[in-house]
Amino acid sequence: MKYGDRIRNKDLVSKIATAEELAKLIEDGMIIGVSGFTPSGYPKAVPLALAERVKNSGEKMSLGVYSGASLGPEVDGAWAEAGIIAKRLPYQTNSTLRNAINNGQAEYLDMHLSHTPQYVSYGILPKVDVAIVEAVAITEEGHIIPTTGVGNTPVFVKQADKVIVEINMKKPLALEGMADIYMPQSPPNREPIPITKADQRIGTTFIPCGLDKIAGIIITDLQDKTRPLTPVDEVSKKISANILKFLEKEVELGRLPKNLQPIQSGVGSVANAVLYGLCESSFENLTCYTEVVQDSMLELLRCGKAKMASTTSISPSPEGLVQFEEEIDFFKDRIILRPQEISNHPEVARRLGVIAMNTALELDIYGNVNSTHVMGSRMMNGIGGSGDFARNAYLTIFTTASIAKNGDISSIVPMVSHVDHTEHDVMVIVTEQGVADLRGLSPKERAKEIINNCVHPDYKEKLLDYYNRAYESGYKHTPHILEEALSWHTKFMKTGSMK
């Protein structure tokens, strides 16, 4: 492979090695910081070589693994299968790793994504020993040009004793210039982050590293294993239509400008449906301040409805990735890739007045949201960046289908089995049934708004009955019958249905 324009300091050429040689730099008990975010811009060759070595040799290997968010199967899957992940943070989506977490074979620290770099920088978490980073190129000074996922890479590189760089020839060199790397100082020396508009650039196009830290380089051509796009079903389309009607009404009432506020959107079929719906809406000149750009947000830019998107990761479907790389010159000036410490920073989200749209696994009649735990105990993926935005957005919207498992589960219950977002941070709830605007409402008013507008007909009378009996049986502020509050979950676990 030709890499002359990728490794720009000739002295670094001597550090090129095989994946197997570089994997030897990783030792039992180390903390490994891995580049990438949901799953984009992550290293592949060295992690695979390490997993293969451990499986073949049977040696003891127990690692702490830090990342920006979820990683591809070459890391989360292969390392979990090899049994070498002792502790993982702050987010994951891999089924093998998820099973290891839920079976107690790996510890998992589910974190707000904006908190992770602070925990690393402040020394709250054990320091990073080795950072493994995917790059487009390395500058003459030894600084790293990231690929499509920045995440926490800057803080990992800053703290690590050694940095392994995977130069990915599959990633277009035209990505150079898209990154905007800014690292805030730690308190008490921290100053305001100088972003007042979503399209502002405030940093460098490279991740500071330096020649001395780079312990080894490998040249690869392995593409990200991004996730296929979940089809937009009829339920998602109805949720999208309900959100768009709500936003149009907010504009009519003068609570939002005609071009809205900067949009943050989570991942999944509902998120894609909403953004695709914006392509066909009357809204124009939109901006996005988010953490992940997927197919639908690329389409918003492509169709001209959105002017730009600020993010920490570009993670489209496999087909969308091919199209993105073919159109890289179009997107280069329309996408800014920031560290997640900036893309998810509460200060910036609050200042810009972000509209945050994220997904709930379940919610209760008072507006508390569970984003992470199935039946209260089994981890699904993690809270991700939803909390970073939800508490600090100008407008916070949570979406969910009103039922799951073919109607055997109501997504709206008397009391959630796990709380990720409290009622204080949830402003609007949207299902395919309708919209519940909870702003300015007391707990009893919220309960009536949610039950009347968002609950599936199969469960509406049952929830109204619970609420009315709870109101009559005890204290009136947030009425509950504690013996029954989680009975819907226990019934499902016993019978397979909440009905």
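The values are calculated or read from the model by the stated rules, or taken from the named source; none is laboratory data. Everything numeric in this text was worked out from a predicted model, so none of it was measured. Quick reminder, even Gly has a Cβ in these numbers, built from the backbone with ideal geometry, and neighbours come from all protein chains shown. Calculation scope for accessible area: heavy atoms of the full protein, side chains included, ligands and nucleic acids excluded. Shrake-Rupley method; radii C 1.70, N 1.55, O 1.52, S 1.80 Å.
Before moving on, here are some points about what is shown:
- Screening the stretch 124-158 for residues that are assigned to a loop (DSSP other than H, G, I, E, B) and among the aliphatic types (A, V, I, L, M) and picking the one that is most open to solvent (accessible area, probe 1.4 Å) gives Ile124.
Here's the yes/no breakdown for (1) outside any loop (DSSP other than H, G, I, E, B); (2) surrounded by fewer than 20 Cβ atoms within 10 Å (Cβ to Cβ); (3) among the acidic types (Asp, Glu); (4) modelled with pLDDT of 95 or more:
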residue	(1), (2), (3), (4)
Asp28	no, yes, yes, yes
Trp79	yes, no, no, yes
Thr96	yes, yes, no, yes
Ala100	yes, no, no, yes
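- The stretch 417-456, subset open to solvent by 10 Å² or more (accessible area, probe 1.4 Å) and in a strand (DSSP E or B), residue nearest to His489 (Cα to Cα): Val435
- Of all residues in the stretch 253-283, those satisfying the criterion of being in a loop (DSSP other than H, G, I, E, B) and either touching a Lys or Arg at 6+ places or on another chain (Cβ under 7 Å) or touching a residue at least 24 places away in the same chain (Cβ under 8 Å) (or both) are Leu256, Lys258, Asn259, Leu260, Gln261, Pro262, Gly266, Val267, Gly268, Ser281, Ser282, Phe283.
- Taking the stretch 106-119 as the range and being part of a helix (DSSP H, G or I) and in contact (Cβ under 8 Å) with a residue 60 or more places away in the chain as the test, the residues that pass are Thr116, Pro117, Gln118.
- Among the residues listed as Gly83, Gly142, the single one being at pLDDT 95 or above, at positive phi and touching a Gly at 6+ places or on another chain (Cβ under 9 Å): Gly142
- Which listed residue is over 24 Å from the mean Cα position of the chain (by Cα), of a type in the set (S, T, N, Q) and farther than 18 Å from Leu486 by Cβ, from Asn381, Asn392, Asn406: Asn406
- Within the stretch 359-378, tally of residues that are outside any loop (DSSP other than H, G, I, E, B) and open to solvent by less than 10 Å² (accessible area, probe 1.4 Å): 4
- Meets criteria (within 25 Å of Thr148 (Cβ to Cβ) and touching an Asp or Glu at 6+ places or on another chain (Cβ under 7 Å)) for Pro39: yes
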